[in-house]
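Structure first, then comments.
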Amino acid sequence: MNKELRKFYIALRNSSRDLLPIVLVVLFFQLVVLQQSIPAAGDLVVGMLFVVLGLTLFIRGLEMGLFPVGESLAYDFSRKGSLFWLLSFAFTLGCGTTVAEPALIAVASEAAKVAAEGGVILDSPEARKRYALGLRYTVAISVGLALVIGVLRILRGWPVQYLIIGGYLIIVFLTTLAPKEIIGIAYDSGGVTTSTITVPLVTALGIGLASSIKGRNPMVDGFGLIALASLTPIMFVMVYGMLM
């Protein structure tokens, strides 16, 4: 069997295995707990097949494209020896991937809709669009700054636990000041930010950078960027809510 075809088959098998518990849970509650037949069973089967195929292609794409690109770029920038360009790359990478994050787009759109219905903003398409874009760009800038801090942490060898603890203390303080309408959105923004597009590139950046610097352990120093990228959006969105 062709090497690439074999890798694709393994990824397909793993995706099917990972999806199986979800299917079993849905079937159990539908058939045993609710005791109802499955509506549109044929469409459900076709949809599940598409999910398995899409998940398989996505994982293979990460392995073949995003991970190698992220690691090689981080390695090349560190070898170039320019701190300015390395930090610029980290910031723009964080901003670019976050703006395009599908989960964030969905949350921002729903937040704008609820804000309009609640009278926080004008109930018009233009106002909702501005609110959603403002929320997305606020989160994007915060993730960019988080990656800058994370890259500096890898370069300087700062312990990640102190940054995380300090970040959560700031979040707790801001929670006492922020309007209650924005707090839930802020916490959700921190969760949806690190999703399908952001995580692979940010992880590859950290591992590639830690691998290229003498005295840095990729297992110890290469990870932690995702945690920082989850913290800063919560802070920035609460400040955004206070300003709005």
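In what sequence, highest mean first, do 206-213, 131-138 appear when ranked by Cβ atoms within 10 angstrom?
Top to bottom by mean Cβ count within 10 Å: 206-213, 131-138.
Using a 1.4 Å probe, what is the accessible area per residue for region 36-150, in Å²?
The answer is 55 Å² per residue.
For P(r) over Cα pairs in 10 Å bins from 0, in percent, one of [x] 7, 30, 34, 20, 8, 2, 0; [y] 6, 22, 23, 19, 15, 9, 4, 1, 0; [z] 7, 25, 26, 25, 14, 3, 0 was computed from the structure I shared and the rest are decoys. Which label?
Of the labelled values, this structure produces [z].
Please work out whether region 1-111 counts as rounded, prolate or oblate from its C-alpha gyration tensor, where a ≥ b ≥ c are the square roots of the eigenvalues and a/c under 1.5 means rounded, while otherwise a/b larger than b/c means prolate and anything else oblate?
Verdict is oblate for region 1-111.
Once neighbouring chains are kept in place and the probe is 1.4 Å, which whole percent of the accessible area of the chain is contributed by carbon and sulfur?
On the chain, the fraction of accessible area on carbon and sulfur atoms equals 70 percent.
In a shell of Cβ-Cβ distance under 13 Å around V237, excluding V237 itself, what net charge do Lys and Arg (+1) and Asp and Glu (-1) give?
Cβ neighbours under 13 Å give a net charge of -1.
Which of the lysines could a cross-linker bridge to K80, judged by Cα under 25 Å and excluding same-chain residues fewer than eight apart?
K214
Rounded to the nearest 20 Debye, what is the dipole magnitude of region 1-124 about its Cα centre when Lys and Arg each give +1 and Asp and Glu each give -1 at the C-beta?
In debye, rounded to 20, region 1-124 gives about 640.
Would you calculate a helix-derived [θ] at 222 nm for the chain, using -39,500 (n - 2.57) for each DSSP H run of n ≥ 4 and dividing by the full residue count, to the nearest 500?
-27000 deg cm²/dmol
Between F50, F77, F29, find the one with the highest GNM mean-square fluctuation for the chain; connect C-alpha pairs within less than 10 Å.
Looking only at F50, F77, F29, the largest GNM fluctuation is found for F29.
The values are calculated or read from the model by the stated rules, or taken from the named source; none is laboratory data. Computed from a prediction, not measured in an experiment: that's the story for all the values here. We place every Cβ from the backbone using ideal geometry, glycine too, and count neighbours over all the protein chains shown. Ligands, DNA and RNA are excluded from the accessible area calculation, which covers all protein heavy atoms including side chains. Shrake-Rupley method; radii C 1.70, N 1.55, O 1.52, S 1.80 Å.
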